[in-house]
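Everything below concerns the one structure shown next.
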Amino acid sequence: MIQTVEPVDTAVVAPSKEISMFRDMSFDDLIQNLISDMVRFAISVAIAVVVFYAGRWIIRRIYSMVESILRRRQVEASLTTFVLSFVNIVLYFILIVTVVGILGIETSSFLALFASAGVAIGMALSGTLQNFAGGVLILLLKPFKVGDVIEAQGYAGTVKKIEIFNTVITTPDNKTIIIPNGGLSTGSINNSTTQLYRRVEWKIGISYGDSIQPAREAILAMLKADDAIRWSGNRPADTGADPEVVVASLDDCAVTLSVRAWVEKENYWSVFFRFNERFYEELPSRAGISFPFPQLDVHLDKE
């Protein structure tokens, strides 16, 4: 009589190689292996720490070297800060991957995990990636640079730094404002530094009944005596326009004159404030005019 024997699944019944090894190993050998594994891991950690600090020192040296090269070649300050930030991030990423590999973690698996996490983080941080793209566009298109005076996103100030994700400006009262690059690259920007000259405008109200021509002549004489005002007659006027005084509007309480003059951009505010004071103090005596103020006349009719 022939008896059939069913095959035995050795993958299930047979113990694994590691279990068999531990089963055949004595207690002393087990302790010895654990100690050797801990020593190897401690050595790997020590090497990783040394590599990390050595790599950080090398990164700082490379950072300083790149910075000195960019400044020696007189690269624009906004591009310099962007490049330095990018180099710093890339070098630290390489250092972290190297340290992880020294610790025994498979770098290919780590990079795959990092790529998967990068996709998820990229979807969650779409606004941050937009700021990065905005920083690249700002450096390529150059709507402004470090040192320019701009108005954007409801703020006005001098550009101090253009970083990867943000632009730092300083307001006239010395406040530091950090504006995301995404909004700057897609929004409106008022850059008052790109042109050599700016037009100053004053609004002066004179009383009804006062003569306009004496006021115009007095104002033009005051402007002509100031060296900061651009005139085509006594010096080259790149703007091509001399100062002018025109009637802007006939308001309820005053005839409003508009005074316009061109000055160099760095003299804008000093000229504006200086002539505000001079107009108030000198026009009444020079032109015999008076400055009106809002008033209301009430007439009572007696029945």
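The values are calculated or read from the model by the stated rules, or taken from the named source; none is laboratory data. As the structure is a computational prediction, the values presented were derived from the model and not from experiment. Cβ placement follows ideal geometry from the backbone for every residue including glycine, while neighbour counts extend to all protein chains displayed. Only protein heavy atoms, including side chains, enter the accessible area calculation; ligands, DNA and RNA are left aside. Shrake-Rupley method; radii C 1.70, N 1.55, O 1.52, S 1.80 Å.
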Response to the item:
Pairs returned, first residue in segment 197-208 that is among the small types (Gly, Ala, Ser), second residue that is open to solvent by 60 Å² or more (accessible area, probe 1.4 Å) and in a loop (DSSP other than H, G, I, E, B), beta-carbon separation under 9 angstrom, 6 or more apart or interchain, are 205/251; 205/291; 205/293; 207/291
Discussion item. Filter segment 178-216 down to the residues that are open to solvent by 50 Å² or more (accessible area, probe 1.4 Å), among the polar types (S, T, N, Q) and over 20 Å from residue 143 (Cβ atoms) and list them by number.
Written reply: 211, 213
Worksheet item: without any contact (Cβ under 8 Å) to a residue 40 or more places away in the chain, over 15 Å from the mean Cα position of the chain (by Cα) and open to solvent by less than 70 Å² (accessible area, probe 1.4 Å): does that describe residue 220?
Response: yes
Worksheet item: When you look at residue 121, is it assigned to a helix (DSSP H, G or I), open to solvent by 70 Å² or more (accessible area, probe 1.4 Å), within 30 Å of residue 187 (Cβ to Cβ) and modelled with pLDDT under 70, yes or no?
Response: yes
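So that you can scan it fast, the table gives a plain yes or no per residue for (1) over 17 Å from residue 203 (Cβ atoms); (2) part of a helix (DSSP H, G or I); (3) among the small types (Gly, Ala, Ser):
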site	(1), (2), (3)
253	no, no, no
258	no, no, yes
266	yes, yes, no
269	no, yes, no
279	no, yes, no
286	yes, yes, no
291	no, no, no
296	yes, no, no
302	yes, no, no
Worksheet item: Name the pairs whose Cβ atoms lie under 7 Å apart, with the first residue in segment 37-51 and within 19 Å of residue 97 (Cβ to Cβ), the second part of a helix (DSSP H, G or I) and open to solvent by less than 60 Å² (accessible area, probe 1.4 Å), and 6 or more positions between them or separate chains?
Response: 44/102; 47/102; 48/99; 48/102; 51/99; 51/102
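Considering only segment 154-196, state which residues are among the hydrophobic types (A, V, I, L, M, F, W, C) and touching a residue at least 60 places away in the same chain (Cβ under 8 Å).
If the condition is that a residue be among the hydrophobic types (A, V, I, L, M, F, W, C) and touching a residue at least 60 places away in the same chain (Cβ under 8 Å), then 159, 162, 164, 196 are the ones that fit.
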